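See structure below.
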Amino acid sequence: MAGKPTSDVSIVSSIDRRGFIKIAAAVVGVSGLVPWDRWSNALGATVKPRTARFPEKTDLIFLTDRPPQLETPLKYFKEEITPNDAFFVRWHVSGIPTEVDTAKYRLKVIGQVDKPLELSVDDLRKNFEPVSVVAVCQCSGNSRSYFEPRVAGGEWGHGAVGNAKWTGVRLKDLLAKAGVKQGAIEVSFTGMDRPPIPATPTFAKSLKIEKANDPDVIVAYEMNGKELPMLNGFPVRLVVPGWFATYWVKSLEEIQVWSEHFKTFWMDKAYRIPNNPTGSESPKALATDTVPISNMPVRSLFATPANGAQIDAGKATSVEGIAFDGGSGIKMVEVSADGGKTWNAAKLGDDLGKFSFRLWTYDWTPADKGDVKLMVRATSNAGEKQIDYLWNRSGYRRNVVEHIDVTVA
Amino acid sequence: MKKHLLITAVATLGIAAFTSCNREKTASAPTAPAASVSSEDSAASIHQIVLPKYSSDLPDAAGREEFATSCIACHSTAYINMQPIMTAEKWEAEVRKMQATYGCPIAEEQIKPVVSYIMTVKEGTGPHIRENMVAAAQHNPVIKMARDPGDRVEDAKHGEVVFGQYCASCHGVDARGGGLAGLILLPHPADLTAGHLSDDAVMNIVANGIPGTGMASFGKLAEKDLRSVESYVITLCPDDPPAGPPSDEGKQIYMQNCINCHGADGRGDGVASAPLPRPAADFHARRPNLDYAKQVIANGIPGTAMPAWHAKLDEKQRTQVADYVRSFFDSQ
């Protein structure tokens, strides 16, 4: 049963005439006989990922249910904009909001401000200038399952990323309205999610005051022109274009201004990377100097063909995918069909802004039959290039040159 | 193999009865894995989703009870299944991180058994933990129980017969949860002598079952049988109100440790309760007796999200919080 989609698992109970309970479990899904590895089982065979359909979402790759972690299938990366229902989902603690009354909801702006605010979604829509940005939201641990040696954590493939048009208000406008006091150094963000056990650190993030006043940072109440799905942070979430999704606090409830360092596990202990340009370290020599993860490095991913696909020899195949970086935009994408010996420029799609996915396509007509390693690499407008190898203990910030294996037949 | 298809659980005291509201939500899409609700009777300003629920089939192996009262309070077993293959040392480090960093109340002596269990059921070659989606709750109407006391006595007599026919196989003839058919179930079948339930709570459970557990829906039974078995179950544990008001300490411990699942008012409606296969206990619908409440707080309820607290709360504190949760019940 391993690997079949599990969209309709059900358990049916009934009582037979003799009064015994019969429990029939119609189980589709992960086999109980092999350890579930997202990409291969214990015997090394490729296992098709399990999928699930959660509220307001389409079929997504299932990692976990409580709290939910759902991954976007790569086929969606043939388009610039990731549909709301296909956008990946990741929560840290299992007490996630499932019901929000917007008549009662208030976003608080408190702390070191002259005038604390309590704002409804209507207040945000009517009393502040609306702004929109197309921006990539990528989990810090996207592609973690490709780390070698493997690391524990959310075992994402490449689909913990999406691109959407976010509409909302500038964070700096909210802070200005509240009036930030002299001496403020940080701003913290807390959502509605809570851990089952209160001793677990409640999820919270912070930005330095300078970053909080970056005009690109917004509090978004719309995603692709619609309300946010609950699982993506309804009613509002923070959007920090160019930075990893860990800062994009969902179901945002409280913004607090601090004149001292805001202490939280989620900045001080978690989501940290080695303090060097690529965030890399060796399993044998773990870095002692670490910093909070922040901006996204340049990377590129294949959307099609799928890894392991069979390609017709002598026919044109469209190799497609996405590229993005931390906010300079994409200058060039190159594809190699010979394992990295030679590289060919891919055609870039429309430019939707420096924080957006940039589609790329490469028309490939393989002449010879056999196994081929297709590789892709991107260069940003800032001149940043992808790297060949990266490892760190938490499986963060992967931006190595990716490849897929296809068979030409 | 059949053993591993039986997930299940039975109404253990201390586990929530479903509020009618919850049943309506989960019943809204019995076949669909998940539903987004645009309920006609809810205000237009309310945005609500109903998460799909999953429960885990935990193969029998050493450390199962420790695992079942330590890990699944906070996260589902999918978290464990998706990890790469790891050594016992690495798993122990993970468990200790849960204890030290994430506040898991796991006791020192539970750590090795938990690691041993994971090594057996995840990294071993035998049966593995499997997660299954829980079917939506049944939605049989609940029979209102307002009846004359004399009728109830008569009903209870017939109810004992019905109980023997349908319930005793799991709950045991003495209703203490030790029936042969229930031995492999996790959570274990409820000890029905360990706490008092409201009429509606019993009727909800009997008529609609408890999704994700071995407690099936008996809603198709004749109304007389349903009424009778309800009357009988109520007699198994008469209400046992606390002698006096609970201590402030009990309330404080509750607020510090319990509210995110059981809710500030003990209704089982804390923010972390909604995603559970079964919501946390609603103490307005049930009053566990003192010994049982203390036992559950100390040891958890294996196979549910109720963890063991004996490493975090000493016996005095456990008694105080037991007194407190016993103070919520709405006496009839």
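Remarks
- Chain A - share of DSSP beta bridges that are antiparallel (%, nearest 5): 90
- Once Rg and the Kirkwood radius are both taken over the C-alpha atoms of region B:169-215, their ratio Rg/Rh works out to 0.96.
- Pairs beyond 23 Å (Cα-Cα), from A:269/B:90; A:108/B:53; A:104/B:53; A:263/B:316; B:53/B:251; A:269/B:112: A:108/B:53; A:104/B:53; A:263/B:316; B:53/B:251; A:269/B:112
- Here the protein assembly as shown carries DSSP beta bridges of which approximately 95% are antiparallel, counting only pairs with both residues inside.
- Shape category assigned to region B:163-279 from the gyration tensor of Cα positions, a/c cut at 1.5: prolate
- Estimated distance in nm for a label pair at residue A:150 and residue B:174, the labels positioned 7 Å out from Cα along Cα-to-Cβ: 4.7
- For residue A:204, distant residues with modelled amide H under 5 Å away: A:266
- Along principal axes, Cα extents of chain B, largest first, whole Å: 63, 50, 46
- Chain A: C-alpha gyration tensor shape, a/c 1.5 cut-off, then a/b vs b/c: oblate
- Modelled spin-label separation between residue B:85 and residue A:371, with each label point placed 7 Å from Cα along the Cα-to-Cβ direction: 2.0 nm.
- Checking every one of the trypsin sites (Lys or Arg not before Pro) in region A:336-409 against DSSP loop status and a limit of 15 other Cβ atoms within 10 Å picks out A:341, A:369.
- The charge dipole of the protein assembly as shown, taken about its Cα centre with unit charges on the Cβ atoms of Lys, Arg (+1), Asp and Glu (-1) only, comes to about 1040 debye.
- Kirkwood hydrodynamic radius (C-alpha pairs) into Stokes-Einstein, region A:232-370, 10 °C and 1.306 mPa s, D in µm²/s: 85
- Sites matching trypsin sites (Lys or Arg not before Pro) across region A:155-221 that sit in DSSP coil, with at most 10 neighbouring C-beta atoms within 10 Å: none
- Stretch gain in nm, segment residue A:131-residue A:407, where the contour uses 0.36 nm per residue and the Cα spacing is subtracted: 94.7 nm
- Cα-derived Rg to Rh of region A:202-303, Kirkwood definition: 1.00
- Computed over region B:62-103, the alpha-carbon pair-distance distribution with 5 angstrom bins reads 5, 19, 28, 36, 12, 0, each value a whole percent.
- With an a/c value of 1.5 or above and a/b not larger than b/c for the gyration tensor axes a ≥ b ≥ c computed over the alpha-carbon atoms, region B:211-253 is described as oblate.
- Taking 25 °C and 0.890 mPa s as conditions, region A:46-95 diffuses translationally at an estimated 216 µm²/s according to Stokes-Einstein applied to its Kirkwood radius (Cα pairs).
- Sites listed here are trypsin sites (Lys or Arg not before Pro) in region A:82-140 whose DSSP assignment is loop and whose Cβ has at most 14 other Cβ atoms within 10 Å: A:104, A:106.
- When only the Cβ of Lys, Arg, Asp and Glu is charged (+1, +1, -1, -1), the dipole of region A:200-353 relative to its Cα centre reaches about 360 debye.
- Cα convex hull of region A:42-140 - mean projected area over all directions, nm²: 10.2
- Computed FRET value (nearest 0.05) for residue A:295 with residue B:62, which takes r as the C-beta separation and R₀ as 30 Å: 0.05
- Think of each Lys and Arg Cβ as +1 and each Asp and Glu Cβ as -1; about the Cα centre, that makes the dipole of region A:91-156 roughly 60 debye.
- Label-to-label distance, residue A:172 versus residue B:220, with points set 7 angstrom from Cα along the beta-carbon direction: 6.7 nm.
- Considering only A:209, A:270, A:335, the residue lying farthest towards the positive end of the dipole of chain A is A:270, judged by Cα position with unit charges set on Cβ.
- Computed over region A:116-271, the convex hull of the alpha-carbon atoms projects to a mean area of 10.0 nm².
- Whichever lysines have a C-alpha closer than 16 Å to that of residue A:373, once near sequence neighbours (fewer than 8 apart) are set aside: A:341
- According to the calculation over all Cα-Cα pairs in the protein assembly as shown, the P(r) per 20 Å bin from zero is 16, 47, 29, 7, 0 %.
- Förster-model FRET efficiency, 51 Å R0, residue A:259 and residue B:181, C-beta, rounded to 0.05: 0.20
- Added length on full extension, which subtracts the Cα-Cα distance from 0.36 nm per residue, residue A:286 to residue A:122: 54.2 nm
FYI, it's all coordinate maths here, none of it is from the lab. Model, not experiment: these values are computed from the prediction. Note that we place each Cβ from the backbone using ideal geometry, even for glycine, and neighbour counts take in every protein chain shown.
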